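Each remark here refers to the structure printed beneath this line.
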Amino acid sequence: MIELPDLVAGGLAAGTLSALVLGGGLLRARRQKAALRAEVTELRARLRGAEGAFVSEVEHLAARRMPAAAAQLTHPHLKVPGPAGHQTPGTPTGIALEYVLTALREELTAQRARIDAAAQAGLRGATREIQAALYRLQDALRGLQQRYDEPELAQTLFALDHENEQSLRRAQVAAVVCGAWVGLAREESHVVDAVTGGQARLAGYHRVRVHNHLEPGTALVSHAVEPVAVIVAELLDNALRHSAPDTDVVVHLEHVHHGVCVTVDDAGLGMTQDERARAQRLVAGSEPILLTDLGDPPRMGLAAVGRLTRQFDLSVDVSSPSPYGGVRAVLRVDTHLLGRIDPELRPPSVSAPRSTRERAAVRETAAPGPAAPAGTAPAPTAPAPAVPAPAAEGSGGTEHERAPGHQEPGAPSGLPQRRRRTRPDTPEVPQRQPAAERRPEAAAAALAALQYGTAAARTPKRAPAPDPRRTDDEGEAAR
């Protein structure tokens with residue numbers, strides 16, 4: 001049998017062992033609890049830091065990045081700041097913030113387009129009414145010009161008509177920028193007439209020097225006449241505004257491989273590289289045009305050029321400087337927009353400059369033939385038939401020049417000469433010499449003088465008063 005003391009000792013030992021095991025478990029539990037508390041504290045601190053970083057990123061997004069992204073739509077050279085934290089790009093937070101910026105740009109672009117379309121529609125309706133009123137005023141002024149013959153009144157009516165033409169051009173440009181039609185349907189016309197027509201719409205038209213190197217009769221198809229006139233007027237207006245008032249704007253009309261080029265050179269200050277790039281984007285017409293992008297007040301000239309170049313398949317380049325120090329603008333009209341008009345049946349206007357090719361032909365015609373040998377009497381010949389040439393620009397008559405292979409009568413040749421039969425009672429009509437170039441002021445003065453002369457001819461002449469120095473008999477005879 002086990003004795004009592006041994007049982008007590010065993011129980012005590014077991015109790016002591018259990019107490020030790022329980023104490024160890026409690027100690028480990030306390031240690032784990034302390035570790036969990038430290039971990040929770042660390043996680044809370046990290047959470048507060050992440051929350052603070054996110055709040056600062058959102059504040060940075062709202063205060064700096066979103067306004068910069070909105071301003072970048074109108075000023076592409078501006079840069080949008082990046083995230084405030086260096087660890088943000090590429091993270092889910094950074095990706096979400098970039099998505100916010102993208103959505104903002106898209107929505108602002110759509111809203112700008114809708115607002116600008118509404119503004120253009122309103123302006124288009126207003127300019128339509130203004131154009132109609134100005135056209136009515138133009139018809140009234142021209143009716144008055146035809147009705148009255150007084151020179152001073154005619155000059156005043158011409159000045160009013162020119163002012164009305166300038167107002168009409170501004171309204172037309174605003175309507176074109178807003179998407180309206182060009183406003184006029186004109187018949188097929190000479191290229192030089194379209195250029196001078198655009199020149200006549202400007203206040204400083206007297207500073208423009210047009211050099212016509214085209215073949216006589218080079219014309220534009222009907223639907224391209226008014227767009228070319230509007231584009232030339234805006235290019236000339238830009239050149240006149242940005243050059244000194246004592247300098248000239250030089251215009252050259254030349255044939256090229258694919259059509260005709262109208263080159264405008266001014267002697268202004270020129271443009272910087274950024275300004276030239278922006279102007280080239282406007283005249284190219286490849287980007288949508290918004291009124292808010294044209295400044296305050298809006299500069300619509302180049303924007304209208306861009307609209308017309310895209311609508312009528314024209315080409316304008318302003319990327320190169322002028323040899324005179326300013327800007328060179330080149331309008332190219334392709335062959336499919338060109339035609340031909342017989343310059344003898346429909347000559348250009350009086351104010352249009354004559355073609356240098358026609359002048360060269362006239363000079364060749366007027367050049368004297370080879371001199372006859374000394375002591376040889378000239379053979380009597382009949383008048384040679386005149387060969388009509390294209391009508392001179394700036395005159396209503398015709399010019400005469402040699403036909404290809406034609407020889408003057410009396411020239412040393414063994415071939416017989418054909419003569420045209422003339423009636424003996426038909427008087428010889430003298431050939432009309434080409435008129436000199438006249439500017440618009442000279443044409444206006446000539447028309448005013450003509451009107452004054454016709455008015456003086458209509459006025460009945462009064463009988464002259466008798467001279468008191470005459471005798472009564474002489475006075476009776478005079479009466």
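What follows is calculated from the coordinates using simple rules that are stated; it is not laboratory data. Worth saying up front: this structure is predicted, and the values here are computed from it rather than measured. Glycine gets a Cβ as well: all are built from the backbone with ideal geometry, and neighbour counts include every protein chain shown.
Can you pull out the GluC sites (Glu not before Pro) in the range 164-251 that DSSP calls coil and that have at most 14 other Cβ atoms within 10 Å?
Filter output for the range 164-251: Glu187.
Fully extended, how many nm does the chain gain between Arg48 and Tyr99 (0.36 nm per residue separation, minus their Cα-Cα distance)?
That pair, Arg48 and Tyr99, stretches by 15.9 nm at full extension.
Apply the Karplus parameterisation 6.51 cos²θ - 1.76 cosθ + 1.60, with θ equal to phi minus 60°, to every residue of the range 333-341 and state each ³J(HN,Hα) to the nearest whole Hz, in sequence, with x for glycine and proline.
Ordered by residue, 3J(HN,Hα) equals 10, 6, 5, 5, 9, 9, x, 9, 10 Hz.
I'd like to know which of Ser315, Val251, Thr292 lies farthest towards the positive end of the charge dipole of the range 233-315, counting +1 on Cβ of Lys and Arg and -1 on Cβ of Asp and Glu.
Thr292
Please work out the C-alpha center-to-center distance from the range 128-168 to the range 252-323 and express it in whole Å.
Between the Cα centre of the range 128-168 and that of the range 252-323, the gap is 31 Å.
Beyond 13 Å, how much of the Cα-Cα pair distribution for the range 116-171 remains, as a whole percent?
The calculated P(r) of the range 116-171 puts 63 percent of pairs beyond 13 Å.
Just name one of His77, Ala121, Gly25: the one whose Cα is farthest towards the positive end of the charge dipole of the range 1-142 (beta-carbon charges, Lys/Arg +1, Asp/Glu -1).
The listed residue farthest towards the positive side: Ala121.
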